[in-house]
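S.K.: My questions all concern the structure below.
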Amino acid sequence: MVYCAISGVRFPCLPSVYNTKSQSSFNGDPLCRKGLSFFSKKDPSSLKMLAGKSSYDSDSPNLAVTTSTATTTTTPTPEKVLVPPDGNASEDPLIVEDKEKQETSTPLSESIIIGKTEAKSRSIPPPGSGQRIYEIDPSLTGFRQHLDYRYSQYKRIREEIDKYEGGLEVFSRGYEKLGFIRSETGITYREWAPGAKWAALIGDFNNWNPNADVMTQNEFGVWEVFLPNNADGSPPIPHGSRVKIRMDTPSGIKDSIPAWIKFSVQAPGEIPYNGIYYDPPEEEKYIFKHPQPKRPKSLRIYEAHVGMSSTEPLINTYANFRDDVLPRIKKLGYNAVQIMAIQEHSYYASFGYHVTNYFAPCSRCGTPDDLKSLIDRAHELGLLVLMDIVHSHASNNTLDGLNMFDGTDNHYFHSGSRGHHWMWDSRLFNYGSWEVLRFLLSNARWWLDEYKFDGFRFDGVTSMMYTHHGLQMTFTGNYNEYFGYATDIDAVVYLMVVNDMIHGLFPEAVSIGEDVSGMPTFCIPVQDGGVGFDYRLHMAIADKWIELLQKKDEEWRMGDIVHTLTNRRWLEKCVSYAESHDQALVGDKTIAFWLMDKDMYDFMALDRPSTPLVDRGIALHKMIRLITMGLGGEGYLNFMGNEFGHPEWIDFPRGDQRLPTGKIIPGNNNSFDKCRRRFDLGDAEYLRYHGMQEFDRAMQHLEEIYGFMTSEHQYISRKNEGDRVIVFERGNLVFVFNFHWTNSYSDYRVGCLKPGKYKIVLDSDDPLFGGFKRLDKDAEYFSSEGWYDDRPRSFLVYAPSRTAVVYALVEDELEPAESENEAAEG
């Protein structure tokens, strides 16, 4: 999550501020219901930007509010709209299907066929007792009143969803009721905008005429219009054409992109985005060919940003990522790819965290079908695809996003200061609103159902769970910090419900929460009283490494390192990482930069002498990553490029910015030069980056074979401050880390559990990894009986300075990782 935002900046790479008077309404040919398309007929996946001008024109005479109903048609099958009794739910409208439609629809709980794979029946279990958390952690009994109230609110929401919506399975399919709904007879468009006084659907299909398709509003603020098919049977809105909703609101007349839009595009030379009606013909829709992989026991996640994944200074495409980057991730040994910035965001430099269109994939990288093709290819390679989903806040962009959508401050968000995140410069959802629940639950369901994502990393969960958002707050572990008046119960209940939906309907899906607070019960199942995540991101580890890297080697404490890596809650799984993607941004430093600084630019070629700074940096870079993976949790995450110590920071293209004070913040001339990943450096065998990359690859393959991250056996036998040595066991592996800067130890005794012969299966000092070959990889080590370091047996090793070595019983001897040629052929 990017924790800083430049106030006032909303749109990427354009020096001028949006001026509505400089735009005029679309004045192309009056095609009326035939429209223009962003997609070429020959190549439906290519974006064909319109040459026409923007649809927005504050001076247009067509903005006059009218009540013409000549061209307005109501839907042939009206639906019931109900509101839960006062006090049982929010006052927001509740839309449900009528009984006739429910009876004729195919329930999702039945078996369905996807490609050649039959999906098993899926259902969401009813709420449990929520009491097991007190057995897991007796310390929680002192906060039973808070936790029982939390669970009662969760049960109330579930019961009301069952009563008024036909269950969570139906409720989470809001995209089948709101937005654009295609039927045999035409298209129905619905939008929840209770603050609007008048609304009309406009676009290329009706030549942006606000009088052509005026909408009607029901008593609960849902606007609706039905567009019948054209006389020839073709749809009234052509695939790929631009659409918006024009509304007369308390804040004035405005054009907005539909909240449930499935695709939106920024045309060349324009600042505002346009909603795109995306409904390709059946023969052009992407059909998934490969089944989704089963969830692995241990997660090894490669975090990636599609746009900046090219070696060239440009915005990369889904297709190129599919063809070039996915095979690389597979070859490196990762089993999951976590993709950032999927949801559409008008401000590119927000890293994808200021979302404007929640149901639309980022159009900079291609079409929705291109993204589906990427995910399908990942599944073919056996990779899970996780989405970095943003439900913690929204862009405050009023032109393209949800902010002030219906002209009011409290539509999707809390009103006043509670609805604004002062550090992120963004809007905060009102999780107690019924329609916000529908929107967000349906959004999560949409990405899993439509795109076959295998799960989520929920961003900014700490900000959601507390009204102080974790800002200027130090969490000490005192339970009063988690269960008090600062806790946003509505937000926590939403997280419980969305995890219920995810795990009930998609049992193999993975749910990861970004929480820095250490909230107890975070990764306990909802039925047991927990929040329901599968994993928590172990964020304290990266902070600890930053802290240590600013100290001298002599000041590092082995016990401090071990404590940070292992300080996690019982029965709550963690995904660890040595450094976050935020550290790769300009102004911050990656671990490689902390270690080697400017020497990375001049001394990484193998045909040149190294420097002490580079030698130290490469050695510690490998050790830090391995010990993080070895002790940090049940999953591991790496941001793309960090596996080989990427030497460049990320600097998004930006122009100069003038602050209200008159001060000018210089930009980078809108350059993409630093907004890419130089994978070629890691592949170049004549550079030291290659050795770092090969070590990361070996580390991933070691975990694939031994599964040490999820081994039930873990024992830390040594954390010697004098020797600077850490020794621990994971499964049948023995890890030996010597952090001393000069001392190497001969005949160094290390404890072990099982008797037998041990061999080296990973050595950070191997020349292949940029090491000095101080160990014989073919040497054999035999255990001897007798207690040592509280272990029943031990064996003698040579522990060179600044090395990490992994030993395994011969019965578990490491199978050689496939060669690069074999990986390429695979």
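The values are calculated or read from the model by the stated rules, or taken from the named source; none is laboratory data. As the structure is a computational prediction, the values presented were derived from the model and not from experiment. In this analysis, Cβ positions are derived from the backbone assuming ideal geometry, glycine residues included, and neighbour counts consider all displayed protein chains.
S.K.: Take region 337-351 and flag every residue that is in contact with a helix residue (DSSP H, G or I) (Cβ under 9 Å, 6 or more places away or on another chain) and among the aliphatic types (A, V, I, L, M).
M.R.: Listed by number, the residues that qualify are V337, I339, M340, A341, I342.
S.K.: Looking at M308, M340, which one is within 16 Å of the chain's Cα centre (by Cα), hydrophobic (A, V, I, L, M, F, W, C), within 18 Å of S671 (Cα to Cα) and surrounded by 22 or more Cβ atoms within 10 Å (Cβ to Cβ)? Let's see the steps before the verdict.
M.R.: Values: M340 fails: within 18 Å of S671 (Cα to Cα).
After applying the criteria, what remains is M308.
S.K.: Restricting the first residue to region 695-708 and requiring it to be touching a residue at least 40 places away in the same chain (Cβ under 8 Å) and farther than 13 Å from Y334 by Cβ, which pairs with a second residue that is surrounded by fewer than 21 Cβ atoms within 10 Å (Cβ to Cβ) and basic (K, R) meet a Cβ separation below 9 Å and a spacing of at least six or different chains?
M.R.: Sorted first by the residue in region 695-708, then by its partner, the pairs are G707/K297.
S.K.: While we're on this one: Looking at H411, is it more than 24 Å from A196 (Cα to Cα), touching a Phe, Trp or Tyr at 6+ places or on another chain (Cβ under 7 Å), part of a loop (DSSP other than H, G, I, E, B) and not hydroxyl-bearing (S, T, Y)?
M.R.: no
S.K.: Here's something else I'd like to know. Tell me yes or no: at least one residue of region 506-519 is surrounded by fewer than 23 Cβ atoms within 10 Å (Cβ to Cβ), part of a loop (DSSP other than H, G, I, E, B), touching a helix residue (DSSP H, G or I) at 6+ places or on another chain (Cβ under 9 Å) and among the β-branched types (V, I, T).
M.R.: Within region 506-519 (the criterion being surrounded by fewer than 23 Cβ atoms within 10 Å (Cβ to Cβ), part of a loop (DSSP other than H, G, I, E, B), touching a helix residue (DSSP H, G or I) at 6+ places or on another chain (Cβ under 9 Å) and among the β-branched types (V, I, T)), the answer is yes, since at least one residue qualifies.
S.K.: While we're here: Read through the list (1) of a type in the set (S, T, N, Q); (2) part of a loop (DSSP other than H, G, I, E, B); (3) at pLDDT 95 or above, then give the number of the only condition that Q693 fails.
M.R.: (2)
S.K.: Within region 656-670, does at least one residue satisfy the condition of being at pLDDT below 95, touching a Gly at 6+ places or on another chain (Cβ under 9 Å) and acidic (D, E)?
M.R.: yes
Every residue, every condition in (1) of a type in the set (A, V, I, L, M); (2) modelled with pLDDT under 90; (3) under 24 Å from the mean Cα position of the chain (by Cα); (4) over 25 Å from W741 (Cβ atoms), yes or no:
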site: D560; (1), (2), (3), (4): no, no, no, no
site: H563; (1), (2), (3), (4): no, no, no, no
site: N567; (1), (2), (3), (4): no, no, no, yes
site: S580; (1), (2), (3), (4): no, yes, yes, yes
site: L595; (1), (2), (3), (4): yes, no, no, no
site: F603; (1), (2), (3), (4): no, no, no, no
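S.K.: Find the strands (runs of 3 or more DSSP E) located wholly in region 725-826 whose residues include 1 or more that are at pLDDT 95 or above and either polar (S, T, N, Q) or under 29 Å from L606 (Cα atoms) (or both), and list them.
M.R.: 733-738, 745-752, 757-763, 784-788, 791-799, 803-809
S.K.: Still on this structure, please answer the following. Among the numbered criteria (1) in contact with a helix residue (DSSP H, G or I) (Cβ under 9 Å, 6 or more places away or on another chain); (2) modelled with pLDDT under 95; (3) closer than 22 Å to T141 by Cβ, which single criterion is violated by T476?
M.R.: (1)
S.K.: Can D500 be described as surrounded by 18 or more Cβ atoms within 10 Å (Cβ to Cβ), at pLDDT 95 or above and under 19 Å from M387 (Cα atoms)?
M.R.: Yes: the conditions hold for D500.
S.K.: Only one of these is buried (at least 24 other Cβ atoms within 10 Å of the Cβ) and of a type in the set (S, T, Y): S373, S392, S433, S417. Name it. Can you show your working first?
M.R.: Working: S373 fails: buried (at least 24 other Cβ atoms within 10 Å of the Cβ); S433 fails: buried (at least 24 other Cβ atoms within 10 Å of the Cβ); S417 fails: buried (at least 24 other Cβ atoms within 10 Å of the Cβ).
After applying the criteria, what remains is S392.
S.K.: On to the next question. Say we look at region 671-688 and pick out the residues that are among the basic types (K, R) and buried (at least 20 other Cβ atoms within 10 Å of the Cβ); which of these is modelled with the lowest pLDDT?
M.R.: R676
S.K.: Answer yes or no: is there a residue in region 432-452 that is assigned to a loop (DSSP other than H, G, I, E, B) and either closer than 22 Å to I339 by Cα or without any contact (Cβ under 8 Å) to a residue 12 or more places away in the chain (or both).
M.R.: yes
S.K.: Give, as residue ranges, the helices (runs of 4 or more DSSP H) completely inside region 536-653 that count at least 3 residues that are under 28 Å from Y715 (Cβ atoms) and not aromatic (F, W, Y). Give the derivation first.
M.R.: On the way: elements: 540-549, 558-566, 591-596, 599-602, 612-631.
Filter on region 536-653 gives 540-549, 558-566, 612-631.
S.K.: Can you find even one residue in region 775-792 that is touching a Pro at 6+ places or on another chain (Cβ under 9 Å), surrounded by 15 or more Cβ atoms within 10 Å (Cβ to Cβ) and either more than 21 Å from K622 (Cα to Cα) or of a type in the set (G, A, S) (or both)?
M.R.: Yes - at least one qualifying residue is present in region 775-792.
S.K.: Say whether the condition of being among the hydroxyl-bearing types (S, T, Y) and either at pLDDT below 70 or in a helix (DSSP H, G or I) (or both) is met by at least one residue in region 176-197.
M.R.: No, because not a single residue in region 176-197 is among the hydroxyl-bearing types (S, T, Y) and either at pLDDT below 70 or in a helix (DSSP H, G or I) (or both).
S.K.: From the list V562, V575, which one is of a type in the set (V, I, T) and in contact with a His (Cβ under 8 Å, 6 or more places away or on another chain)?
M.R.: V575
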